[in-house]
1. So how much slack lies between F65 and R132, counting 0.36 nm per residue of separation and subtracting their Cα-Cα distance, in nm?
2. Of all accessible surface on the stretch 23-90 at a 1.4 Å probe, what whole percent is carbon and sulfur?
3. In whole Hz, what ³J(HN,Hα) sequence does the stretch 94-99 give by Karplus (6.51, -1.76, 1.60; θ = phi - 60°), x for Gly and Pro?
4. Just to be sure I understand, if you calculate Rg and Dmax of the Cα atoms in Å for this structure, which of (i) 15.0, 49; (ii) 15.1, 43; (iii) 20.0, 67 do you get?
5. What stretch of the chain, leaving out the sites themselves, is the longest with no trypsin sites (Lys or Arg not before Pro) in a DSSP loop having at most 14 other Cβ atoms within 10 Å?
6. If you take the beta carbon distance between A20 and V54 as r and set R0 to 22 Å, what does 1/(1 + (r/R0)^6) give as a FRET efficiency, to the nearest 0.05?
7. How high is the FRET efficiency from E103 to I27, r the C-beta distance, R0 41 Å, rounded to 0.05?
8. Hey, what do the phi angles of the stretch 110-119 turn into as Karplus ³J(HN,Hα) couplings, whole Hz, using 6.51/-1.76/1.60 and θ = phi - 60°, x for Gly and Pro?
Amino acid sequence: MALQFLVGAIVSVVNIMIHALVTVAAIGIARASALRYTAWPKLHLMGVMVATAVVLMMAHTLEVFVWALAYAIVGAAPAGSDILSFAFVNYTTLGYGDVIPVESWRLEGPMTAMNGILMFGWSTAVLFEVLRKTFEHLASTAAPGERFSAADPD
């Protein structure tokens, strides 16, 4: 059991480091992008949000691959099972239950789910911060007497 916790903790820390790097990069890119003047602020805001979401989804996919690699190394999934699918199901807390970890590695599934929930919550916070900062900047650069509102048509 201690080995399961150790492996789960190591993989979780690796994924937290990946997510931290991607967060710093995503916020930096969004900040630089938000500083540009644009004639179409809502389209610009949408572009920044879509780009941020895509980058975060790529980070999540990489994190699932890290879990799948760990499963393969320790032999957590039964022989012949699709380890990548198994990792995705656990990470997203989907829980199909079509693949059950081998008895000696049963804690890896819940630890993967715990890590995935944390990373998805973190991504949500990043998306809202990017939205807030970009919206704030676009509002501050609106022409005098004009106000920028997401509800207003372009």
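1. Here the segment from F65 to R132 would lengthen by 21.0 nm.
2. The computed percentage sits at 77.
3. Along the stretch 94-99, the couplings run 5, x, 4, x, 6, 10 Hz.
4. (iii)
5. 37-105
6. 0.75
7. The calculated FRET efficiency here is 0.45.
8. Using θ = phi - 60°, the values come out as x, 5, 5, 4, 4, 5, x, 4, 4, 5 Hz.
The values are calculated or read from the model by the stated rules, or taken from the named source; none is laboratory data. Here the structure is a predicted model, which is why all the values come from computation and not from measurement. All Cβ positions, even for glycine, are placed from backbone atoms using ideal geometry, and neighbour counts span all protein chains on display. Each accessible area value is taken on the protein alone, full model and side chains, heavy atoms only, with ligands, DNA and RNA left out. Shrake-Rupley method; radii C 1.70, N 1.55, O 1.52, S 1.80 Å.
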